[in-house]
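> Here it is, the structure in full.
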Amino acid sequence: MSRSIHGFERRARVAEAVASSGARGARRRKLNVMLWLPIAWIAFVFGCALSADWWPMPEPDYMDFLSQGAPPGTTGEVPIGAFESSEGLEHYVFWLGTDMMGRDIVSRLMFGARVSLTLGLLAPLIGLVIGGGLGMAAGYWRGMLEATAVGVTDTILAFPGIVLLLAIVFYLGGSLLNLTLALGFLTVPAFYRVARANTLTYAEREFVTAAKAMGASDVSILAREILPNVIMPMLVYALLIVALLIVVEGVLSFLGLSVPTAPSWGGMIAEGREYLDEHPRLCFVPAFVMFLTVLSFNLLGDRLRGLTDVRESNI
Amino acid sequence: MAKFVTLKLLRLIGVVFAVSALTFVMVAMLPADIAYDIAGQDATPAQIEAIRAELGLDQNVLVRYGHWLMSLAQGDMGRSFRSDEPVLDAIWSRLPVTIELLVLSQVFALLLAIPAGVYCAYRAGSRFDRVLGSTGFGMISVPTFVLAIVLIYLFALRLEWLPATGYEPFSEGVWANLRTFVLPSLSIALVEWVPLMRTLRSDMIATLKEDFISMAKAKGLPAWRILTRHALRPSSFTLITILGLQIGGLIGGALIIETIFALPGIGRLLINAIYARDYMIVQGCILFIAVGYVVINFVVDMLYVALDPRIRTAGAGG
Amino acid sequence: MLTVSNLRTHFHTGRGIVRAVDGVSFNLARGRTLGIVGESGSGKTVLVRSLLGLLPSTAKFGGETEIGFEGRPLDIRSETALNQVRGRAIAMVFQDPMTSLNPVMTVGAQITESLRYHLGLTGGEARERAVALIDSVGIPMARQRIDQHPHQLSGGLRQRVAIAIALACEPKLLIADEPTTALDVTIQAEILDLLARQQAERDMAMILITHDLGVVAGRADDIAVMYAGRIVERAPTARLFANMRMPYTQALMNAIPRLEAPPNTPLRTIGGRPPDLVNPPPGCRFAPRCPRAESRCTDHEPPLEGGESGHRFACWYPVGEPGAA
């Protein structure tokens, strides 16, 4: 998994190294479908995560002992909604079946989306703010600041990120807050690189020189001239990081180290693994949902990067 | 050149120091105390104090770090709190597993990436190129641990060709040993070949536009020979960087794969040590992983020199 | 030995069809040198690259295009057919030796590779042959040079290496595409003389491409002048210099700086720009820039014909004859 963490760095370098090539025309034609399908899926997952409480289905950890390991489409009698407020058992169709403890897969998938999305979206925000700010400052002022920042990011990169995550989860407890902070910290170098590289290209441009000549302060140049140009590539890059963090969260819950009280896709895959031979769907259904979500963020990030990355279009 | 290498080395040593200090402080700040674990539930405060003193835990963090560095300088990384096994021995005994996994996975990845990247560059824009590009994009979105499970399901459970988990040492025979590494290596390779392939493809497309490729064609050489002998090497610089980053990340990062397939490598040693609060092992593993990462990066930089004769002589001059 | 008949090389681009070479025919006999002269963009490089199939895949050949080499037709659309002659019977020297040699292979490896591939020589034999070749193209210390990389050699030496590579398999036809343009003026003559000497020794035919009439003056048997994808004048060298008929040829001649001219004489450049090859002008393609052009020139295209002793030109009002007016 720290391999995934290093993936941030790798992506940054790949993005720098790989100038987009190939048939631009064909790409543009496919652009619309490849842009809207991922957006639609992400919106759908988002909707599920937000509305999970209001659907007529059992709670994700309600166990129906009469329907353990039930195949998709089985009907059962379950309390709908929160256990305390439900009005007795009601007729219910397990559209995707139940796990070996009789819990509804649909319900667990929808609630599991919450952990994945919260972590996947909040952690990059930390990296975006800290790494982005650091990168812009380093790219603008250069000198000692840049040298120090390079040293710090090099250290974070050489440090196996998994250890930080494991240590925090294991010793401080896998609360959502702890995990978000730790993962956010690990994304700092990646954002730092993107911000610095982009700032470097803009710091030399005419409009910055012009602003300097007109007596604008450094801070106001950074905020008003450089930030608006740097923020788009960073946001697009953040989409790729989101995809990666969803995987990392999956790995953590797979190891049983994510938020312990909440259902999560990785956790479902880990539990399903024990019944892989008899009931492969327990593994593969959440795995497929995770794959689609990761793929969607990757596709979205990739397409948008092609549209916004100045370095790629200039080279 | 010498100055460049020295500066680079100094920076890398600095990074390793920073990592080890960071780990030490982090571990020291953790609230849980191993002395309670070792002493057991009924231990008296005096017994716990004795254990703490014995392990050196009663001293200030900085003093402990100093001690640790001093003994490290003498080649001693301390002993496990639990088993009293020297940390160095513990790492050493797990190392072959991790290295074998690492080498095999990158060999598989390169075996996929090089022919695919070369062919896609040669026939850029063709149907094959587009299909492979999309496939690659899909595969990079599959989390490694999910891919591992899919492979286990297909090859171990359904087809029963390979074992699902477990490890056989070399002493049990080469084939027995290799069988246990095929699925773990593939789980890594099937994801990691994608960035390698993409990088090679785009660099190769640029190389194929060079004059010296026209020259090679004018010599009447067949396409495959031009691609492999003339175009591959000048196109492989970025590939090497990516490969280095992947290997560097894998030294500690194959942890999830080692866990799923029950391979006794460095990653597993580390995760078990964390579970067991065996700080000395944790400290040693992290140092080892950081050094590995840093060394690989250094080797990659030096590989450029070997691959590109232009750098070689430029360096000899100054 | 080489017959080119109605060669048309068109590039299909987003802007339209670029007619880079548009109906070129010529013959070349064994042991003779043909100089092809023209401005940049006149299609001379595309012409020779067509013969060896060294063009990007956007290039398409016209239907009537026929190439004959040593009495047999040569299918320039087929890689397999081309690989029968490339490097063996036809070899090429490129314009810029800085980019035409592989930077990561030793000089020796680049020479021996065709020897081993085409002639089946073993490593040792090929190496000996390579040393002899390097020696024969006038590179001192051949034995040391063979293990060096291109970046360790000067531009002139690199071009000599490129010539050695081209000569490796004793080709019957050598194509030199502006072999001296990228080199220092002082070395240009040496390289041209080397090519001429090798050609005479080995009895090769040679196509020498240049934008400089002065380069081919004493070195080519025949000269073909190209403009906008076509040959506009063709003659034995001596005849051409004695009696230039095509105004474009004369303009090229006048554009050469002369040592005997008094200082500060302005260079007589050719006014205007070469035509757009997607939509070439009607009639004679040089007409818009031609001082002698009349309305007939823009209405009807002059054929390549005429003249005595193999002198052909495509012009309604050639130099030396009174114009229509």
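The values are calculated or read from the model by the stated rules, or taken from the named source; none is laboratory data. Not measured: the values here are computed from a predicted model. Positions of Cβ are backbone-derived with ideal geometry, glycine not excepted, and every protein chain shown enters the neighbour counts. To get the accessible areas, we keep the full protein, side chains included, count just its heavy atoms, and leave off ligands, DNA and RNA. Shrake-Rupley method; radii C 1.70, N 1.55, O 1.52, S 1.80 Å.
> Before I look further, what does chain B give for accessible area per residue, probe 1.4 Å, in whole square angstrom?
44
> Treat the protein assembly as shown as a sphere of radius equal to its Kirkwood radius over Cα pairs and apply Stokes-Einstein at 10 °C in a medium of 1.306 mPa s; give the translational diffusion coefficient in µm²/s, rounded to a whole number.
The Stokes-Einstein estimate is 48 µm²/s.
> Let me ask something else about it. Per DSSP H run of at least 4 residues, take -39500 (n - 2.57); add these up for chain A, divide by its residues and hand me the 222 nm value, nearest 500 deg cm²/dmol.
-23000 deg cm²/dmol
> Using DSSP H assignments, which helices in chain A have an axial alpha-carbon span of 24 Å or above and a mean Kyte-Doolittle hydropathy of 1.0 or higher?
Qualifying helices: A:105-141, A:227-254, A:281-308.
> Another one. Picking from B:294, C:34, B:305, whose Cα lies most toward the positive end of the charge dipole for the protein assembly as shown (charges on Cβ: Lys, Arg +1; Asp, Glu -1)?
C:34
> Using alpha carbons only, how many degrees (0 to 90, rounded to 10) separate the axis of helix B:87-122 from the longest principal axis of chain B?
20
> In the range B:208-225, what residues drop by 20 Å² or more in accessible surface going from the chain by itself to the full protein assembly, probe 1.4 Å?
For the range B:208-225, once contacts with the other chains are taken into account, B:211, B:212, B:214, B:215, B:217, B:218, B:219, B:220, B:221, B:222, B:225 lose 20 Å² or more.
> In the protein assembly as shown, with Lys and Arg counted as +1 and Asp and Glu as -1 at Cβ, which of these residues, B:247, A:101, A:245, has the Cα nearest the positive end of the dipole, that is, farthest along it?
Farthest along the dipole direction, towards plus: B:247.
> Moving on. What FRET efficiency comes out for residue A:50 versus residue B:2 if R0 is 56 angstrom and r is the Cβ-Cβ distance? Round to the nearest 0.05.
So the FRET efficiency works out to roughly 0.40.
> Roughly what would the spin-label model give for residue A:40 and residue C:200, points 7 Å off Cα along C-beta, in nm?
The answer from the label model is 7.7 nm.
> Something else now. Taking 8 Å as the Cα distance limit and 6 or more residues as the minimum spacing, I'd like the relative contact order of the range B:87-316 as a percentage.
With pairs under 8 Å counted, the relative contact order is 28 percent.
> Just C:59, C:109, C:261 to compare: in a GNM of chain C, with alpha carbon springs under 10 Å, which one fluctuates most?
C:261
> Something else about it: At what distance in nm do the modelled label points of residue C:238 and residue C:190 sit from each other, each positioned 7 Å from its Cα along Cα→Cβ?
3.2
> Within the accessible area of the range C:1-50, what % is carbon and sulfur when the probe is 1.4 Å and the other protein chains stay in place?
48
> Same structure, new question: Is there a simple number for the mean count of other chain Cβ atoms within 10 Å of the Cβ of residues in C:92-104, and what is it?
5
> Something else about it: Please find, in a Gaussian network model of chain A (springs between Cα atoms separated by less than 10 Å), the residue of A:277, A:61, A:99 whose mean-square fluctuation is greatest.
Its mean-square fluctuation being the largest, the pick is A:277.
> To continue, here is another question. Rounded to the nearest 20 debye, what is the charge dipole size of chain C about its Cα centre when +1 sits on each Lys and Arg Cβ and -1 on each Asp and Glu Cβ?
280
> How many Å² of accessible surface get buried when B and A come together, counting both sides, probe radius 1.4 Å, rounded to the nearest 100?
Separately minus together, B and A give about 4800 Å² buried.
> Could you tell me how many degrees, from 0 to 90 and to the nearest 10, lie between the Cα long axis of helix C:155-167 and the main elongation axis, the longest principal axis, of the Cα atoms of chain C?
80
> Taking a probe of 1.4 Å, how large is the accessible area per residue of the range C:236-312, in Å²?
Per-residue value: 62 Å².
> Give me Rg/Rg_expected for the range C:175-288, where Rg uses Cα atoms only and Rg_expected = 2.2 N^0.38 Å with N residues.
1.18
> Going highest first, how would you order C:277-288, C:135-146 by mean Cβ packing within 10 Å?
Those peptides, ordered most packed to least, come out C:277-288, C:135-146.
> Next up: So how strong a dipole does the range B:87-316 carry about its Cα centre when Lys and Arg Cβ are +1 and Asp and Glu Cβ are -1, to the nearest 20 debye?
940
> To the nearest 500 deg cm²/dmol, what mean residue ellipticity at 222 nm is calculated for chain C from DSSP H runs of n ≥ 4 alone, each contributing -39,500 (n - 2.57), summed and divided by the residues?
Result for chain C: -9000 deg cm²/dmol, rounded to the nearest 500.
> I would also like to ask the following. Measure off 7 Å from each Cα along the Cα-to-Cβ vector at residue B:17 and residue A:235, then give the distance between these two points in nanometres to one decimal.
About 4.3 nm separates the two model spin labels.
> Enumerate by residue number the chymotrypsin sites (Phe, Trp or Tyr not before Pro) in the range A:31-104 meeting two conditions: DSSP loop (anything except H, G, I, E, B), and at most 14 other Cβ atoms within 10 Å of the site's Cβ.
Filter output for the range A:31-104: A:83, A:95.
> For residue B:305 and residue B:224 in one chain, what is 0.36 nm times their gap in residues minus the Cα-Cα distance, to one decimal in nm?
26.6 nm
> Next question. Given an 8 Å cut-off on Cα distances and at least 6 residues of separation, report the relative contact order of chain A as a percent.
23
> A further question on this structure: Using +1 on the beta carbon of Lys and Arg, -1 on that of Asp and Glu, and nothing else charged, what's the dipole of the range C:174-278 about the Cα centre, debye to 20?
Roughly 460 debye for the range C:174-278.
> A follow-up question, please. Please give the FRET efficiency for residue B:182 paired with residue A:213, using the beta carbon to beta carbon distance and R0 = 60 Å, rounded to the nearest 0.05.
For R0 = 60 Å, the calculated efficiency reads 0.40.
> Exposed loop GluC sites (Glu not before Pro) only (DSSP loop, at most 16 other Cβ atoms within 10 Å): please give the longest stretch of chain C free of them, not including the sites.
It runs C:71-259.
> Tell me the mean residue ellipticity at 222 nm calculated for chain B from its helices only (DSSP H runs of n ≥ 4, each -39500 (n - 2.57), averaged over every residue, nearest 500).
-24000 deg cm²/dmol
> Also, quick follow-up: Starting from the Cα of residue C:17, step 7 Å toward the Cβ, then list every residue of the range C:55-95 with an amide N under 19 Å from that point.
Output list for this probe position: C:55-67, C:76-77.
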